[in-house]
Amino acid sequence: MKAVVITALGGPEVLQVQDMPEPVATSGHELVRVQAAGVNFADILAASGGYPGTPRPPLIAGREFCGPRQSDGVQVMGYTQWGAFAEIVVGRQSLLWPVPAKWSAEEGAAFPVNFFTAYFAYWKAGLLDTPGAKPGEGRSTRRVLIHAVAGGVGTAAVQIGKILGVEMYGTSSSDEKLDRAQHLGLQHGINYKQRDYAEAIRELTNGKGVDAVFEMLGGEHTAKSVGCLGNFGRLIAYGSATGQRGLVDAGSLYAKGASVHGLWLTYLSQNAALVQQAWQQLSLWIAQDRLRPVIGEVFPMEKAADAYRVLLNRKNFGKLILKIS
Ligand SMILES: NC(=O)c1ccc[n+]([C@@H]2O[C@H](COP(=O)([O-])OP(=O)(O)OC[C@H]3O[C@@H](n4cnc5c(N)ncnc54)[C@H](OP(=O)(O)O)[C@@H]3O)[C@@H](O)[C@H]2O)c1
């Protein structure tokens, strides 16, 4: 079968389409004929050697996919750690979900990482409890700051935040991307190239700060984002797109009673009950037509390196997809 292989540790140039042996399904697993696969920031880290737990090259890249399950032909979308950028992938049964009837294979491939991560971020932030609560209905509006709001996880977080009735503040490097995120339901776009986001949050919330920050930048942004929290706020740390780990002074949490929570889908996905619980809620919202993955661009698998470059250069809106077959 044809597959996009990480041939050595490095940048996008290490990716090559090669003939590889087909995988074999062991107990609890299924084979899927991949039609489309989602490109994630984590794929860039896996190729460069920065994603913990990834085997050394040569290795088939890709962590989410969509296509017919070989055993029964049902169209499924799935999550794995590697191996998705191939004509056939082996997926764990508990991490395969039926694709909603109205969705294309590209949309199915854009679902698992973005929506489960965004859902778990709201869960960790304690914002899932009263969906739709509005001011005057017993509690004040909850506020969330979403970094990279126009990206894959960001656009999923906006859709879920809209359902939950959360006031959303989102950062991006481009007005065009912010405009598009606003069409999805983002209320407050902050272009960090033009404006300091911590100052913007202070101004826009009248000094109150936000209840949660979804923080995937790392470096200086982790401490700076803690500064954006209001009383009892929670920072959800789930990435380091800057390439640097974020550091937080625990003392900066005392006065506000703030907290920092980690989030890693790789580990959460091993908890089948938790994943099932999340899917129950997500699939209900999908059935109500309230969630739909946002596709930025679709690339042929031979152009996987170009897709990685678009992500690295911050040019994507939503999810980038590889067309596999
Ligand atoms: N912990 C987990 O389980 C988990 C799961 C999924 C994703 N993540 C993390 O979440 C982040 C987003 O992932 P994604 O796949 O959805 O990517 P993405 O948000 O679609 O793309 C990355 C975006 O981050 C923004 N960005 C800000 N600083 C950047 C920098 N120094 N280099 C590159 N991009 C930068 C850019 O948007 P602007 O130009 O608009 O700022 C860029 O478009 C990544 O850090 C990823 O590792 C973690």
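Below are the figures for this structure:
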| item | result |
| --- | --- |
| Condition check for Ala46: within 15 Å of the ligand (Cβ to nearest atom), of a type in the set (A, V, I, L, M, F, W, C) and part of a loop (DSSP other than H, G, I, E, B) | no |
| When residues of segment 297-315 are limited to those that are buried (at least 21 other Cβ atoms within 10 Å of the Cβ) and within 14 Å of the ligand (Cβ to nearest atom), the one farthest from Gln35 (Cα to Cα) | Leu311 |
| Checking Lys102 against (1) more than 24 Å from Tyr267 (Cβ to Cβ); (2) in a loop (DSSP other than H, G, I, E, B); (3) open to solvent by less than 50 Å² (accessible area, probe 1.4 Å), the condition it does not meet | (3) |
| Selection status of Ala212, touching a strand residue (DSSP E or B) at 6+ places or on another chain (Cβ under 6 Å) and over 23 Å from Gly251 (Cα atoms) | no |
| First in segment 217-235 and closer than 18 Å to Gly151 by Cα, second anywhere and polar (S, T, N, Q) and open to solvent by less than 10 Å² (accessible area, probe 1.4 Å), Cβ under 9 Å, 6 or more apart | Leu217/Thr171; Leu217/Ser225 |
| Among the candidates Thr54, Thr26, residue that is open to solvent by 10 Å² or more (accessible area, probe 1.4 Å) and either among the aliphatic types (A, V, I, L, M) or under 24 Å from the mean Cα position of the chain (by Cα) (or both) | Thr54 |
| Any hit, segment 83-104, residues being within 15 Å of the chain's Cα centre (by Cα), within 14 Å of the ligand (Cβ to nearest atom) and within 20 Å of Glu302 (Cβ to Cβ) | no |
| Of the criteria (1) surrounded by 17 or more Cβ atoms within 10 Å (Cβ to Cβ); (2) closer than 14 Å to Ala118 by Cβ, which one Arg290 fails | (1) |
| Tally, over segment 234-263, of residues that are crowded, with 19+ Cβ neighbours inside 10 Å and over 30 Å from Gly49 (Cβ atoms) | 2 |
| Exclusive hit being in contact with a Gly (Cβ under 7 Å, 6 or more places away or on another chain), among the charged types (D, E, K, R) and modelled with pLDDT of 95 or more, set Lys319, Lys303 | Lys319 |
| Pairs where the first residue, in segment 51-77, is in contact (Cβ under 8 Å) with a residue 60 or more places away in the chain and the second is of a type in the set (Phe, Trp, Tyr), C-beta under 6 Å, 6+ apart | Ala61/Phe85; Gly62/Phe85 |
| Condition met for Val294 (modelled with pLDDT of 95 or more, closer than 24 Å to Pro68 by Cα and within 11 Å of the ligand (Cβ to nearest atom)) | yes |
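The values are calculated or read from the model by the stated rules, or taken from the named source; none is laboratory data. Since the model is a prediction, treat every value here as computed from it, not as a measurement. Note that each Cβ is placed from the backbone with ideal geometry, even for glycine, and that neighbours are counted across all protein chains shown. These area figures cover heavy atoms from the full protein model, side chains too; ligands, DNA and RNA do not enter into them. Shrake-Rupley method; radii C 1.70, N 1.55, O 1.52, S 1.80 Å.
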